[in-house]
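As structure tokens, the structure follows; a few thoughts come after it.
The values are calculated or read from the model by the stated rules, or taken from the named source; none is laboratory data. Being a predicted model, the structure only gives us computed values, none of them experimental. Cβ coordinates were reconstructed from backbone atoms using ideal geometry, including for glycine residues, and neighbour counts include every protein chain displayed. Ligands, DNA and RNA are excluded from the accessible area calculation, which covers all protein heavy atoms including side chains. Shrake-Rupley method; radii C 1.70, N 1.55, O 1.52, S 1.80 Å.
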Amino acid sequence: MKPPANLDVLLQPRPPSPLLEVHDERFTEHGVRLLLKRDDLVHPELPGNKWRKLAPNLRAAVAGGHEQLVTFGGAYSNHLRATAAAGRLLGLATVGIVRGDELAGRPLNDSLARCAADGMRLHFVSRSEYRRKAEPPELARLVDAAGARGAYVVPEGGSNTLALGGCAELGRELRGVADVVAVACGTGGTLAGLAAGLAPGQRALGVPVLAGGFLAAEIRSLQAAAFGGPAGDWTLAEDFHHGGYARVPAELEAFAADFGSRHDLPVERIYVAKLLWALAELTASGAFPHGTTLAAVVTGRP
């Protein structure tokens, strides 16, 4: 089936997303104002940064005549789920190269089962192979082995130069409304683009959800490729990953449940909960001066 040319009509994007103020004593008692950028409402199946990063790549795939997408992710990847949903909506075949060949013989978890239900063909590879996917020869070999030669390749997390342009639009939507705009980070593409779109005097703050301390170099590399060099003012708040990706210890679960109950917000645990926790902890420690307005980007739903 040939995908339609007017992808925006079919996908029904809804930017700009709403900006809501919440009143929470963990912030107000320190003189800090908290806004939520509800980017999780920008699209029903491609929420938040998934829409921001995927839409430009989907346009490029359709313009290039591609009828198949191939991309990468772990067993709980929101990006894989969003790509599979986009493929279903657009009539594009999708292939997901999944980290961890030990998963091949096991029942699919809810995330991968959703991908399969949306028509994504899953190809499991070893973790050592997966780590080398940035090397062009290894990338070509992985794509060939997955039966996806000639497909449009979307990188892990959707983070490439096209995606950064989409995320810069998020920054432009937030110009002048907050002193600090914070977002949870996986591959760094959202933060890299967001920072570029903000106005002078605003700062983007990234909260990595993975351990390792590798993200700053990756963000600099992404900005160099997309913008020719550094763009915007951004920093990272490390040490709020709670043990690593997809780790949700009891204290984080309790915080997320409490925040959601207080503010009638469905708090996604892998990214958004860690972002909100970090902002509460940083506020309590005096990291933000009295009178600061924070905007937290809600990138997804549970």
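Summary table
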| quantity | calculated |
| --- | --- |
| Boolean, residue 53 is modelled with pLDDT under 85 and on the phi < 0 side of the Ramachandran plot | no |
| Residue 76 being out of contact with any helix residue (DSSP H, G or I) (no Cβ under 7 Å at 6 or more places or on another chain) and either surrounded by fewer than 22 Cβ atoms within 10 Å (Cβ to Cβ) or of a type outside the set (Val, Ile, Thr) (or both) | no |
| Residue tally, condition more than 17 Å from residue 266 (Cα to Cα), assigned to a loop (DSSP other than H, G, I, E, B) and at pLDDT 90 or above, over segment 1-50 | 4 |
| Matching residues in segment 20-44 - criterion: being over 12 Å from residue 288 (Cα atoms), touching a strand residue (DSSP E or B) at 6+ places or on another chain (Cβ under 7 Å) and open to solvent by 70 Å² or more (accessible area, probe 1.4 Å) | 20, 21 |
| Selection count, segment 215-274, where residues are aliphatic (A, V, I, L, M), within 19 Å of the chain's Cα centre (by Cα), surrounded by 15 or more Cβ atoms within 10 Å (Cβ to Cβ) and not in a loop (DSSP other than H, G, I, E, B) | 9 |
| Failed item in (1) more than 17 Å from residue 19 (Cα to Cα); (2) outside any loop (DSSP other than H, G, I, E, B), with residue 182 passing the rest | (1) |
| Criterion: open to solvent by less than 50 Å² (accessible area, probe 1.4 Å), among the β-branched types (Val, Ile, Thr) and under 24 Å from the mean Cα position of the chain (by Cα) - qualifying residue of 143, 153 | 143 |
| Some residue of segment 98-105 being modelled with pLDDT of 90 or more, in contact with a helix residue (DSSP H, G or I) (Cβ under 7 Å, 6 or more places away or on another chain) and open to solvent by 10 Å² or more (accessible area, probe 1.4 Å) | yes |
| Filter result (closer than 27 Å to residue 269 by Cβ and of a type in the set (Asp, Glu)) within segment 194-233 | 218 |
| Some residue of segment 201-213 being touching a Gly at 6+ places or on another chain (Cβ under 9 Å), part of a helix (DSSP H, G or I) and crowded, with 20+ Cβ neighbours inside 10 Å | no |
